[in-house]
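Trainee: Sharing a structure below in structure tokens format, with a few things to ask.
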Amino acid sequence: MTKFSDLNLNPKVLKAIEEAGYETPTPIQAGAIPPALEGKDVLGIAQTGTGKTASFTLPMITLLARGRARARMPRSLVLCPTRELAAQVAENFDIYAKHTKLTKALLIGGVSFGEQDKLIDKGVDVLIATPGRLLDHFERGKLILTDVKVMVVDEADRMLDMGFIPDIERIFQLTPFTRQTLFFSATMAPEIERITNTFLHAPERIEVARQATTSENITQRLIEVTPARRDQTAKAKRELLRALITQEGETCTNAIVFCNRKVDVDIVAKSLKTHGFNAAPIHGDLDQSQRMRTLDSFRDGSLQILVASDVAARGLDIPAVSHVFNFDLPNHAEDYVHRIGRTGRAGRKGAAFSIASPSDAKYLEAIENLVKQEIPRGELPEGFELSEGAKSAPRKRDDDRKSSRSRGGRSRDRDRDRAPREDNRATSRAEEPKTETVVAEAPAPAAEEAKPAAAAPREDRGDRRSRDQNRNDRSGRNGGRGDKPVVGMGDHVPDFLTRSFRTTKAKDKAEDNAPEVETEADES
């Protein structure tokens with residue numbers, strides 16, 4: 001059996017490995033370290049939890065043992081997709097390089113640029129960074145990448161999922177052509193294959209497991225739940241999750257619950273805490289210091305349940321996770337392999353439960369096609385039944401109730417105000433004395449026509465509408481069906497419209513040009 005002492009590592013590195021309690025390398029470590037020490041490019045393909053971090057950290061420390069870094073010019077570069085993974089690589093570097101004089105800098109978001117600039121200005125041997133923050137420093141003129149001798153890309157498939165591939169290609173172009181590249185990934189998508197063919201030179205391919213396979217140490221179960229109402233699916237899944245955790249009992253020493261959306265992470269964590277579980281959320285919208293505190297408490301055992309988005313699905317080294325619960329089936333089938341890979345690490349046994357609803361059929365099919373096996377179906381926990389709240393209609397939100405109450409109140413007030421007016425109008429019509437209509441044989445005098453309209457009896461709405469309709473018919477507005485349509489303005493043309501507004505000069509000029517012909521208009 002191969003041991004670390006057989007891999008030609010630096011004696012100081014071997015001493016640090018021994019103090020850390022490791023003697024035998026994992027298959028990916030035994031396969032990747034020798035060609036890396038020879039200066040060859042390495043393409044490592046292995047499922048998560050197989051020790052890929054040490055497979056590039058150990059040879060990198062050995063290769064950089066000689067030499068000295070210059071200001072703003074790191075000698076090696078490690079790219080990681082997430083802040084947590086970058087911080088974990090930095091911790092591994094501290095463990096294995098503690099007997100050397102190598103320096104490092106960690107460039108991640110959530111930390112001020114000033115502190116990071118100070119470390120870069122001093123000169124670092126190892127630069128560990130996320131792609132976005134690395135390019136920020138480069139564009140500010142604080143970083144020079146022309147002296148990079150070893151470049152590492154960790155969790156390349158996660159980089160692809162997060163949209164970092166254009167940034168990776170740009171960083172490759174900023175580094176020297178003669179660099180050594182160590183490229184590690186759990187799966188090999190076509191885009192990843194294209195990058196390796198472009199930027200790696202005759203790499204040594206180390207594949208210790210079939211792509212997209214799950215560990216045999218993990219017991220997988222799929223629990224299907226069918227809520228009475230589709231809009232109550234999330235509530236039904238939360239109840240089932242609590243029942244599953246309770247059913248596992250003491251065997252569930254700690255667990256990670258994965259959700260697809262950040263908002264669901266907060267809701268599920270709050271629900272678990274409300275029902276007495278020791279849970280806390282972690283996702284990309286939280287402050288970096290809070291994320292690190294949550295991870296540290298989960299590692300030291302003070303936190304039992306970590307509710308996470310896929311930010312915790314890749315690369316985080318938490319070896320003693322007993323259970324993984326997929327509250328949501330992942331949208332990308334590859335994420336299923338990485339999620340359940342958080343348990344069953346380092347030869348331990350693990351359990352992975354996935355909760356699925358009828359709407360998850362397409363995601364389930366994609367996962368089973370990827371892993372080339374059917375996920376065993378499990379039974380609902382004994383005695384589990386959905387609560388009445390999960391069967392009934394969702395409760396209205398407070399703002400909806402307020403808005404409906406305000407709208408209802410306004411309509412009721414409007415009806416209340418309208419009702420007295422209608423009653424008064426009806427009463428006034430009833431109390432009005434009946435007047436006899438007198439047909440005048442001669443036209444009324446002008447004085448009587450000029451009487452105010454208020455003196456006339458009030459007309460009913462129906463009479464007013466019929467009168468307006470008749471007026472429209474006479475004026476030709478209703479399709480020209482009036483009796484005598486009026487052409488132009490008739491006999492009621494105002495005097496000012498018949499006057500000429502031409503100037504005197506224009507009028508004289510027009511008269512000079514006009515022919516001397518007498519017309520009836522001139523005589524008049």
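Trainee: Using the 10 angstrom Cβ neighbour count as an exposure proxy, how do 140, 348, 238 rank, fewest first?
Mentor: Neighbour counts put them in this order, fewest first: 140, 348, 238.
Trainee: Next question. Assuming R0 = 22 Å, can you tell me the calculated FRET efficiency for the pair residue 289 and residue 94, based on Cβ-Cβ distance, to the nearest 0.05?
Mentor: For residue 289 and residue 94, the calculated efficiency is 0.70.
Trainee: While we're looking at this one, here's another question. Evaluate the charge dipole of segment 4-207 about its Cα centre and quote only its size in Debye, nearest 20, assuming +1 on the Cβ of each Lys and Arg and -1 on the Cβ of each Asp and Glu.
Mentor: The dipole of segment 4-207 has a size of about 900 debye.
Trainee: Grab the Cα-Cα distance for residue 101 and residue 139, subtract it from 0.36 nm times how many residues apart they are, and report the gain in nm with one decimal.
Mentor: 10.8 nm
Trainee: Which of 182, 102, 131 sits closest to the plus end of the dipole of segment 4-207, meaning its Cα is farthest towards the positive end, when Lys and Arg get +1 and Asp and Glu get -1 on the C-beta?
Mentor: 102
Trainee: With θ set to phi - 60°, apply the Karplus curve 6.51 cos²θ - 1.76 cosθ + 1.60 along segment 276-281 and write out the HN-Hα couplings as whole Hz, x wherever there is a Gly or Pro.
Mentor: x, 8, 8, 9, 8, x
Trainee: Please sort 174-186, 321-333 by packing, taking for each peptide the average over its residues of neighbouring beta carbons within 10 angstrom, highest first.
Mentor: Per-residue mean Cβ counts within 10 Å order the peptides as 321-333, 174-186.
Trainee: How much net charge surrounds residue 14 when only other residues with a Cβ under 15 Å from its Cβ are counted (Lys, Arg +1; Asp, Glu -1)?
Mentor: 0
Trainee: Same structure, new question: For residue 180, list long-range residues whose amide hydrogen, built 1.01 Å from N in the peptide plane, is under 5 Å from its own amide hydrogen.
Mentor: Amide H neighbours of residue 180: 150, 151.
Trainee: Taking the simple approach of a point 7 Å from Cα along Cα-to-Cβ for both residue 15 and residue 380, what is their distance in nm?
Mentor: Computed distance between label sites residue 15 and residue 380 equals 6.2 nm.
Trainee: Within 10 Å, count the other beta carbons around each residue, average over each peptide in 90-103, 361-374, 259-272, and list them highest first.
Mentor: Most protected by this proxy first, the peptides run 259-272, 90-103, 361-374.
Trainee: Residue 361: net charge of surrounding residues, Cβ under 15 Å, Lys/Arg +1, Asp/Glu -1, itself excluded?
Mentor: -3
Trainee: With Cβ to Cβ distances under 9 Å as the rule, what net charge do the other residues near residue 104 carry (K, R +1; D, E -1)?
Mentor: -2
Trainee: Also, quick follow-up: What ranking do 293, 72 get, fewest neighbouring Cβ atoms within 10 angstrom at the top?
Mentor: 293, 72
Trainee: Please report 115, 239 as a ranked list, fewest other C-beta atoms within 10 angstrom at the top and most at the bottom.
Mentor: Fewest-to-most ranking of 115, 239: 115, 239.
Each reported figure results from applying straightforward, stated rules to the coordinates on display, with no laboratory input. Bear in mind the structure is a predicted one, so any value in this text is a computation, not a measurement. FYI the Cβ positions are ideal-geometry reconstructions off the backbone, even for glycines, and counts take in every protein chain you see.
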